[in-house]
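Structure, as structure tokens:
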Amino acid sequence: MTAAARVEGAVKEYGAGETRVRALDGVSVEFAEAGFTAVMGPSGSGKSTLMHCAAGLDTLSGGRAWLGETELSGLGDRELTLLRRERIGFVFQAFNLLPTLTVRENITLPLDLGGAAPDREWLDALIDVVGLGDRLHHRPSQLSGGQQQRVAVARALAGRPQVVFADEPTGNLDSRSGGEVLGLLRSAVDTMRQSVVMVTHDPAAAGYADTVLFLADGRLVDTMERPTADRVLDRMKALDGRRGKAVAR
Amino acid sequence: MSASVRIGARSLLAHRRRLLGTVLSIVLGVAFLTGTMVLGDTLRANFDTLFADANAGTDAVVRSAQVLDVPNVPGGVRAPLEESLTARLRTAPGVGAAEPSVQGAGQLIGADGEPVGGQGPPTLAGNWIDDPKLNPYRLAEGRAPAAPGEAVINRGAAKAGGLKVGDSTVLRTPDPVRITVVGIATFGADADGMGPSTFTALTLADAQAHLTPKGTGQVSTVRLRSDRLSQRQLVEQIKPLLPDGVEALTGADATAQSTADVSGRFLGLFTTLLLVFAGVALLVATFTIHNTFAIVTAQRTRENALLRALGAGRRQVLGTTLGEALAIGVLASALGLLGGFGVAAGLKALFAAIGFTLPTGGTVVHAATILLPLLTGTLVAAGSALAPALRAARTAPLAALRDTAVDDSARGRSALVRKAVGAVLTAAGLPAVVVGAAHGPSLTLTVGGALALLAGTVVLGPVAAALAVRVLGAPLPRLRGTTGALARRNAARNPKRTAATATALMVGVAVVTLFTVFGASVKATLDDTVSRTFAGDLAVTAPATGAGGSGVSPKLAPAVAALPEVRTAVGLGRGVARIDGRGTQLGVADPVELARVTDLGRIDGSLAALGTDGLAVSRAEAGAHGWRLGSTVAVRFTDTAGTFTVRALYQGGGVAGDYLISREAWRPHRVQDADTLVAVALEPGVTVQQGKAAIGRLAEEYGGPQVQTRAEYAESSASGVDMMLSVVYALLALAVLIALLGIANTLTLAVHERTRELGLLRAVGQSRAQLRAMVRWESVLVAAFGTAGGLALGALLGWALTRASDTAGTGSFALPAGRLAVVALVGLAAGALAGLRPAARAARLDVLRAVASD
């Protein structure tokens, strides 16, 4: 299996001098093609930073990152912009949608930005899958939180990107709405062979993934294939315990 | 529709309330600009039509080629012609008719004894021309003047003066001429007059007697027409018949020249002045618009970041914001263009209201008048939004995940640059202003310094804002408790925004203050000049502004002098001549007598020795030309040139002006004799009241000019300044209004931005009234900062302008404390007013929604 995206020896530092923080401390991971990868870890573990750097939103202080065969370091703002527009889909925790655009316009936004004509059949199929056919001309403020996140997922998938990066997509949702959003991501992987990378701290969410990567203190500390929510929870507890012991020692 | 355009359009629609202030400020600025230009176009066309109508049937005009360009006289002063020329021209082949024309100034007195008109438009008198094609006036009632003392007046003057056919009244030429109205005329077919001017037509003999120097045998021009020759052919035909120093020009050329004279002088100055105020309004609008866009983009940081994360290029984000500004600019400019026609009418009414009537006629609009304001408004909008748009385009995609950016204008590297640039500009500007004003004086250096100082103030604004708000708001917490403390902190929390908001008001207040100080200083100078140099007890004048009025009869002074109550009475006339190549006005008087009622300061040489070829010159003027006692000076009058000798030097800068010649020297060259002032000294023991009453009775016989005490005379000399100041205030009100819109707008945006915070305050127990008061006090604080800055800057620049324009070094400087206090109060009150709507909006917040809003 080839990698949809990967990082090698990724280092990310913020600040300078005494206030310097090392958010990523030499992480090397591959995100599988047509796979659903969850990145887990406690707050401050560097999981969001890893995603931002892998997605070209932020730049690494050291190491290298690739999207498919394209190396990200050394790309200018223009190239990174095009890369995000054409080859990456995003779902953020909140504030995913432009409040002034309708649901349909939000979904086609990345395509519109590139001036590309949307593939109607694909779009209709997507809208069908996310189940918002009757809300296409509503404004985001007229939707519930779960509906808004489903629109964000549809938008991320609309351009058939190489990778969809989702940053805590269910962080603001109740479990039923969250389940719907995760189900959508799961089916995108299964039926559309979409690669998905998701940052989360919710073991239940991670249970939807094929692979779970565990980060702590900016390092990759563990991986788990075919996870379930329970096994992830156990592993998290173990990690927390180990961390607790490390601090105690 | 591209994504950028759609996002821009949607955002415009969604935020239309927030952008209302921006739209309004552009609408107002553009409307003013358009109004000014429409008024200029219209007036120019109206004057053109007037002069064309006046020359409608005239194919050629013969006049003296001797002309003196004199300041304030459009077209200059021309020598008269011999009447006998008319007869010679009349018999020339091809000439259909030739009529003598006498033109001069004549102030008509109305039925109520008051002068008719005289505030701006000319008050004309002349002869009634019998040939109906050469006479632009038509009899509407009565008949033409046939006997001495008969007159035709234009219908407008008849209406204004309440005069009818058969009435008898006085025409001041300025000798009072008893006339009987025998006819009332229209200008052309149906106009009340030649614009708002008044015209009194006498018989040719009467006109010559009262309006020409010799009193007989002279005419101003000869008007000709031909039935078979073209205008140009006619001019060629008569040219050989003309003596030396007499010229002929076609009717069309005469019209063009008259229009150019008025357009070039009066209209040019008039429209430039208005354009300056339109510029000030637009400058203030620039600050307001910039601020609105800066806030709106800051509030939209997350949206822009999301767009960037989703793959929007910098140029797309830039395009979206700029596109919005462009759309607003075009829309608001178009609205402003429409409003401009209303403004043009309003400006005309404003000038009419202060007694300065302008000609009437249809509105005229040139293509440039449409294009320029449209373009300016759009550019102002787009230009003001450029910096915020560039900042928006630089938004990092990751900002979508963070909270809204904080204002770091008072810290960091950009703040250092800001402080450095501001300090350099201020440090360069301040000394330039002071040096330019005090030494030299150099207007260029002062203006350059003033601009640098203004720029420096704007750049330093944010640095000063935090401090200023803290200082100005210091009493607030004690006065208004927590509400006051919160208002003070809110005003100081975003120094850049507070500064930008206040700057708009600051510019407006600075210009108001500048004119107030300058006006007060000019008044003080005039006042001082009169009280310093006018040594008499009473003054007789016929006040008039612009081209109106005709002065005081020269026969009045001797008559007054003969009164038993009067010790000395001296008439001061005005002559015109070209001295050392430049057209100038001369004081004409008996110099020895004049020295008794005016203070001419130390006199070198002898005033008694002027004779018919001597000049008395002010010391400053003599110094400028390098003359000493005994120097010879070439003086050219309308008719002849001569050599004069400087026989006396006096301290200038007073009522006497810079040049004095004797009545004997002026008499051969005079045009239409008039005194501007009769200065009177009373016999000892005669009270001012007694003297005033005696002279008043006598003056009645001379057309009733005003008799004033010294104080009244000083006051009325400066009354023109007050009139100009009221116009300036009215024009600047617009700039201040735009600035206040800016404050209201910023506050509305801030209230929107602080929804959660305000909700929290309400949740923990702040009352609606307290919330309203908090927002209002913030508004007052911002206004106080702008007003204080404006007052300081305006007072400094007012001082500089007063000093820099005072080349003679004799002017006074006055800081009118009362008026400036009013300006300060108006600024603060306006601030409170601007805060009303945002405060009401904030108070309407639903506590729950405010706390829950995202």
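The values are calculated or read from the model by the stated rules, or taken from the named source; none is laboratory data. Bear in mind the structure is a predicted one, so any value in this text is a computation, not a measurement. Heads up, the Cβs are rebuilt from the backbone with ideal geometry, glycines too, and the neighbour counts pull from every protein chain shown.
The residue that is nearest to B:Y659 (Cα to Cα), counting only those in region B:612-644 that are assigned to a loop (DSSP other than H, G, I, E, B), modelled with pLDDT under 85 and not polar (S, T, N, Q), is B:F637.
When B:A450, B:A427, B:A415, B:A455 are checked against the criterion of being part of a helix (DSSP H, G or I), at pLDDT 80 or above and more than 31 Å from the chain's Cα centre (by Cα), B:A427 stands alone in meeting it.
Of the helices (runs of 4 or more DSSP H) lying entirely inside region B:250-339, those carrying at least 3 residues that are surrounded by fewer than 18 Cβ atoms within 10 Å (Cβ to Cβ) and not hydroxyl-bearing (S, T, Y) are B:251-262, B:268-299. Per the listing B:D190, B:D175, the residue uniquely within 29 Å of B:A557 (Cβ to Cβ), surrounded by fewer than 24 Cβ atoms within 10 Å (Cβ to Cβ) and acidic (D, E) is B:D175.
Would you confirm whether or not region B:798-805 contains a residue that is surrounded by fewer than 18 Cβ atoms within 10 Å (Cβ to Cβ) and under 21 Å from the mean Cα position of the chain (by Cα)? Yes, the conditions are met somewhere in region B:798-805.
If you go through region B:171-207 and pick out every residue that is in contact (Cβ under 8 Å) with a residue 40 or more places away in the chain, of a type in the set (D, E, K, R) and over 16 Å from B:S101 (Cβ atoms), you end up with 2. Any chance you could count how many residues in region A:120-146 are in contact (Cβ under 8 Å) with a residue 24 or more places away in the chain and more than 12 Å from chain B (Cβ to nearest Cβ)? The number of residues fulfilling the criteria is 14. Name the residues in region B:2-47 that are over 16 Å from B:L322 (Cα atoms) and not in a helix (DSSP H, G or I), would you? Matches in region B:2-47: B:R17, B:R18. Of the residues screened, B:A151 is not one that is more than 30 Å from the chain's Cα centre (by Cα) and surrounded by fewer than 15 Cβ atoms within 10 Å (Cβ to Cβ). Checking each residue of region B:566-583 against the condition of being buried (at least 23 other Cβ atoms within 10 Å of the Cβ) and either basic (K, R) or assigned to a helix (DSSP H, G or I) (or both) gives no match. Taking first residues from region B:735-761 that are touching a residue at least 60 places away in the same chain (Cβ under 8 Å) and assigned to a helix (DSSP H, G or I) and partners that are aromatic (F, W, Y) and buried (at least 24 other Cβ atoms within 10 Å of the Cβ), the Cβ contacts under 7 Å between residues at least 6 apart in sequence or on separate chains come to B:G742/B:F287. Given the structure, is B:V688 at pLDDT below 85 and of a type in the set (A, V, I, L, M)? For B:V688, the condition - at pLDDT below 85 and of a type in the set (A, V, I, L, M) - is not met.
Checking each residue in region B:549-565 for being within 24 Å of B:V116 (Cβ to Cβ) and assigned to a helix (DSSP H, G or I) picks out only B:L556. Restricted to region A:3-21, and to residues there that are of a type in the set (D, E, K, R) and buried (at least 17 other Cβ atoms within 10 Å of the Cβ), the residue that is nearest to A:L67 (Cα to Cα) is A:R6.
Any residue at all in region B:36-57 that's more than 30 Å from B:K239 (Cα to Cα), among the acidic types (D, E) and more than 14 Å from chain A (Cβ to nearest Cβ)? Scanning region B:36-57, I find at least one residue that is more than 30 Å from B:K239 (Cα to Cα), among the acidic types (D, E) and more than 14 Å from chain A (Cβ to nearest Cβ), so the answer is yes. Residues that are under 32 Å from the mean Cα position of the chain (by Cα) and assigned to a loop (DSSP other than H, G, I, E, B) within region B:169-189 comprise B:T173, B:P174, B:G188, listed in sequence order. Right, B:A201: of a type outside the set (S, T, Y) and assigned to a helix (DSSP H, G or I) or not? Criteria not met by B:A201.
Take the residues in region A:33-48 that are crowded, with 17+ Cβ neighbours inside 10 Å and at pLDDT 90 or above, then tell me which one is nearest to A:H201 (Cα to Cα). Within region A:33-48, the match that is nearest to A:H201 (Cα to Cα) is A:M40.
Scan region B:127-146 and give yes if some residue there is surrounded by 21 or more Cβ atoms within 10 Å (Cβ to Cβ), hydrophobic (A, V, I, L, M, F, W, C), outside any loop (DSSP other than H, G, I, E, B) and not assigned by TED's automatic domain parsing to the domain that holds B:T640, otherwise no. Among the residues of region B:127-146, not one is surrounded by 21 or more Cβ atoms within 10 Å (Cβ to Cβ), hydrophobic (A, V, I, L, M, F, W, C), outside any loop (DSSP other than H, G, I, E, B) and not assigned by TED's automatic domain parsing to the domain that holds B:T640, which makes the answer no.
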